[in-house]
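In what follows, a structure is listed as structure tokens, so that the remarks can point back to it.
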Amino acid sequence: MGFKDILVHVDSTVASTARVWISLALARRCSARVIGLHVIPNPDVPSYFKPSHIERIASLYRESAHEAAMMAESQFW
């Protein structure tokens, strides 16, 4: 019995690249498809930051998370 679908966590780390390659190899053996999952959590800005800085910090976090998501997505192309 083989797998039909393989869900693999992808991010911008070197370990992610290894996970993708291993999941692709397994998918080939089982004639399965690989689905990548990248999670972008909501920014959690600590309360000790000044309120006037919170939006800027959250914005930087979102930009960084978007770049990481693009890097993760590129592993599938």
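Computed from the coordinates by the stated procedures, all read-outs in this text should not be read as laboratory data. For clarity, every value in this text was computed on a predicted model and none was experimentally measured. Using ideal geometry, Cβ is built from the backbone for each residue, glycine included, and neighbour counts are taken over all protein chains shown.
Quick check on my filter: what residues within the range 57-77 are within 18 Å of the chain's Cα centre (by Cα) and hydroxyl-bearing (Ser, Thr, Tyr)? Even if it seems obvious, please write down each step before you answer.
To start, the set of residues in the range 57-77 that are within 18 Å of the chain's Cα centre (by Cα) comprises 60-77.
Selection gives TYR61, SER64, SER74.
Among the candidates ILE6, ILE54, single out the residue that is at negative phi, part of a helix (DSSP H, G or I), over 12 Å from the mean Cα position of the chain (by Cα) and of a type in the set (A, V, I, L, M). Please lay out each step first, then the result.
Numbers: ILE6 fails: part of a helix (DSSP H, G or I).
Checking each option against the conditions leaves just ILE54.
Regarding the range 27-38, can at least one residue be identified that is surrounded by 12 or more Cβ atoms within 10 Å (Cβ to Cβ), within 18 Å of the chain's Cα centre (by Cα) and part of a helix (DSSP H, G or I)?
Checking the range 27-38: not a single residue is surrounded by 12 or more Cβ atoms within 10 Å (Cβ to Cβ), within 18 Å of the chain's Cα centre (by Cα) and part of a helix (DSSP H, G or I).
Under the condition of being more than 30 Å from TRP21 (Cα to Cα) and of a type in the set (Asp, Glu), which residue from the range 40-77 is surrounded by the most Cβ atoms within 10 Å (Cβ to Cβ)?
The first filter runs over the range 40-77 and keeps only residues more than 30 Å from TRP21 (Cα to Cα), leaving 44-60.
Subsequent filtering for residues that are of a type in the set (Asp, Glu) retains 44, 55.
On the way: ASP44: 8, GLU55: 11.
For the range 40-77, the residue satisfying everything is GLU55.
Which count do you get for residues in the range 11-34 that are farther than 30 Å from SER59 by Cβ and not basic (Lys, Arg)? Break it down stepwise before answering.
To start, the set of residues in the range 11-34 that are farther than 30 Å from SER59 by Cβ comprises 18, 21-34.
The next check asks that each one be not basic (Lys, Arg); those that pass are 18, 21-27, 30-32, 34.
Result for the range 11-34: 12.
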